[in-house]
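Q: First, the structure itself, so that you have it in front of you.
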């Protein structure tokens, strides 16, 4: 595998884990790999949670294929089977600006609306759901559907409702369809939760600093060694550089040489000399046992 393809696979794996994480997953999409050994092909169930939408209640199967140089080139998206929509070709391929390579002289699409490497799978999927409810009839992929949408809205709605009913046959066995749009396009972990987590870290830092030693419940010493090879992809956030759920801020404070030592000492309780000698003896014992 080339370095470029390896980088793409790593990025896709991280995004796949985020989009299938129960704590972060977007209810509008049900995502699985077409083949567990191939991260470049995703099977996706698209659902519209807006109860006022004519697409509500449907489970529209689709497939997303990613190029070896992702994210520098956009993925391909196809409904399987095709749906009746102004921006869906008869073979199921979706025509949407966000999946078009920027800088194409044959189109008049502004670069701000086309693909760029900063786009993610999540942003693409959200755009697709928005397009389902608000078609772009100025540049249709299915002219008949565009005409019906504009001139025969009742006929168009009836056709879509038939497809919604048909699509329910594709709902995976055991899968529970989401029924609320309250969290359709946001992660279930709210910003307020993140603020509270950061506050807890800050509040507990000085308390943790007052401990006489890094002792565990048995009086032993923790092994604080850390190796980058031991990082678990599921707990390590490659976008922020922190492990999910870790007290990274605390580690930074402890290792920051620029911190005023006097301010640290002001908050630390003085240790007795005999306590220090006992700690030293514990360290020596551990060292001899290694």
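Q: Give me the residue from segment 48-66 that is out of contact with any helix residue (DSSP H, G or I) (no Cβ under 7 Å at 6 or more places or on another chain) and either surrounded by fewer than 20 Cβ atoms within 10 Å (Cβ to Cβ) or at pLDDT below 95 (or both) and, out of that set, nearest to residue 94 (Cα to Cα).
A: 63
Q: Which residue is surrounded by the fewest Cβ atoms within 10 Å (Cβ to Cβ), if the candidates are limited to segment 1-27 and must be under 15 Å from the mean Cα position of the chain (by Cα) and assigned to a loop (DSSP other than H, G, I, E, B)?
A: Ranking the candidates gives 22 first.
Q: Kindly establish whether residue 83 is closer than 26 Å to residue 15 by Cα, buried (at least 19 other Cβ atoms within 10 Å of the Cβ) and in contact with a helix residue (DSSP H, G or I) (Cβ under 7 Å, 6 or more places away or on another chain).
A: No, not satisfied.
Q: Could you grab me the full set of residues in segment 115-150 that are closer than 18 Å to residue 12 by Cα and either in contact with a strand residue (DSSP E or B) (Cβ under 7 Å, 6 or more places away or on another chain) or in a helix (DSSP H, G or I) (or both)?
A: Matches in segment 115-150: 115, 121, 122, 123, 124, 125, 126.
Q: Output the residues belonging to segment 68-77 that are surrounded by fewer than 18 Cβ atoms within 10 Å (Cβ to Cβ) and in contact with a strand residue (DSSP E or B) (Cβ under 8 Å, 6 or more places away or on another chain).
A: Within segment 68-77, 68, 73, 76 qualify.
Q: Between 148, 144, which is surrounded by fewer than 16 Cβ atoms within 10 Å (Cβ to Cβ) and more than 27 Å from residue 19 (Cβ to Cβ)?
A: 144
Q: What is the number of the single condition among (1) touching a helix residue (DSSP H, G or I) at 6+ places or on another chain (Cβ under 9 Å); (2) free of Cβ contacts under 8 Å to residues at least 40 places away in the same chain that residue 108 does not meet?
A: Condition (1) is where residue 108 drops out.
Q: Related question: Residue by residue through segment 75-91, note down the ones that are within 16 Å of residue 143 (Cβ to Cβ) and either in a loop (DSSP other than H, G, I, E, B) or at pLDDT below 95 (or both).
A: 82, 83, 84, 85, 86, 87, 89, 90, 91 - these are the residues of segment 75-91 that are within 16 Å of residue 143 (Cβ to Cβ) and either in a loop (DSSP other than H, G, I, E, B) or at pLDDT below 95 (or both).
The values are calculated or read from the model by the stated rules, or taken from the named source; none is laboratory data. The model shown is predicted, which means the values in this text are computed figures rather than measured ones. Cβ atoms come from the backbone with ideal geometry, glycine included; neighbour counts cover every protein chain shown.
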